[in-house]
Amino acid sequence: MDAKIFRERLLGWYQEHQRDLPWRHTRDPYPIWLSEIILQQTRVAQGLPYWEKFMQAFPTLPDLASAEEQQVLRLWQGLGYYSRARNLHACAKQVMEEYNGQFPRTYDELLKLKGVGKYTAAAIAYFAFGEAVPVVDGNVYRLFSRVFGIETDIASSKAFNEFFNLGLELIDTQRAGAFNQASMEFGATYCKPQNPPCLTCTFASGCHALATGQQAKLPVKIKKTKVKDRYFHYLVFVHADQVLVRTRPVGDIWTGLHDFHLVETTKPATPDEWPTDLGKLLMGHSLKGGDVEYKHLLSHRRLHARFYEVNVPEKDAFEGLATQLEMQAVTWGNLENLAKPVLILRFLNDREI
DNA sequence: CAAACGTGGCA
DNA sequence: TTGCCAAGTTT
């Protein structure tokens, strides 16, 4: 399909069907950057409330830069991929210190910012500064691969260059218009991963995938990792209105966030089957619970968390137990008042600790 | 460059 | 229920 035809159809569709999103009403790079970080691997419906929360709490870049990292993480709770929150904060400080509080205006400079990769740099360069750089995200991979019949594995590194170069051909450098927004929007809401409505599509004539019935096969994405199961047996020690929390170790899921002491197994296990003596040890200490299960599903792993609430009548008597359990970096606190970001699991909502 | 990183919606 | 995967970046 000719570049001009593609562009006209895409922009024609977009004019009719674009969503009204708050970060589209501005060219201020700050709210645009914030939206792009939040929307990495995240749907608009899920990210929008967070964008609003952040804009409320930190209306300007200096507000965010001068905040405590803990406060940023607390606001990010529940969104996932928490390194984004740390990079967000680090980036804000970086722009304040290295760029005099002004976002750099070019793709190459934007790429140097923390948490800003090829996609986000292109998006900001385009949306805030009008640089005609094509964005290549999951939606663009899908749209281009289907319409033009590209069978390159989109997980491979050369795929990016191939799609980026195609984007350069398709984008109109003279009057770039809303090309990038339109291609992402179309991929997100019309040329969907499953069951796209091809018969009424504006690209119905000329689409390679429709002509060959390859909609479900494209884009090609080779997946390799197999699913692993992890079983977390949480011990929630409770004393009056306080619980024992700890900082999660670096190098694992939820790094630096807070949760409770846990025993991990690779299979379902009851306390007496745990690889430590913990289960037996706790039998004498009113171990209750075991009825709250939190299932966490990822593309390549399944997390199963079960919670055991352990009542601690006297903190002093507990010290010996804590030593035996080899518990480290733990502190007592009221979850509501903790000044630290706490990993909110369903358990907490259920129990109102 | 493969692997790791969260969560929630959908069929 | 299970699998797929979404406006990606970092290591």
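The values are calculated or read from the model by the stated rules, or taken from the named source; none is laboratory data. Keep in mind that what you see is a predicted model, and the values were worked out from it rather than measured. We place every Cβ from the backbone using ideal geometry, glycine too, and count neighbours over all the protein chains shown. SASA here: full protein model, heavy atoms, side chains in, ligands and nucleic acids out. Shrake-Rupley method; radii C 1.70, N 1.55, O 1.52, S 1.80 Å.
When the GluC sites (Glu not before Pro) in segment A:49-124 are filtered for DSSP coil states and for at most 11 other beta-carbon atoms within 10 Å of their beta-carbon, the remaining sites are A:68. The apolar share of the surface of chain A, taken as the fraction of accessible area on carbon and sulfur atoms (1.4 Å probe, ligands and nucleic acids excluded), comes to 49 percent. Quarter the surface of the alpha carbon convex hull of segment A:3-212 and you get the mean projected area, 11.7 square nanometres.
For the residue pairs A:118/A:217; A:53/A:217; A:53/A:315; A:112/A:217, alpha carbon separations beyond 30 Å are given by A:53/A:217; A:53/A:315; A:112/A:217.
Rg and Dmax, both from the Cα atoms of chain A and both in Å, are 24.7, 77.
Summed over the residues of chain A and divided among them, the accessible surface reaches 52 Å² per residue at a probe radius of 1.4 Å.
Put A:50, A:126 in order of accessible area, highest first, and with a 1.4 Å probe you get A:50, A:126. With contacts defined as alpha carbon pairs under 8 Å and 6 or more residues apart, what's the relative contact order of chain A in percent? Result for chain A is 16 percent. Counted as membrane-span-like here are DSSP H helices of chain A whose alpha-carbon atoms extend 18 Å or more along the helix's own axis and whose Kyte-Doolittle mean is 0.0 or above; these are A:157-170. Sorting A:154, A:124 by accessible area puts them as A:154, A:124; the probe is 1.4 Å, largest comes first, and only protein heavy atoms count.
Cross-link pairs exceeding 20 Å in C-alpha to C-alpha distance, out of A:158/A:223; A:192/A:221; A:221/A:267, comprise A:221/A:267.
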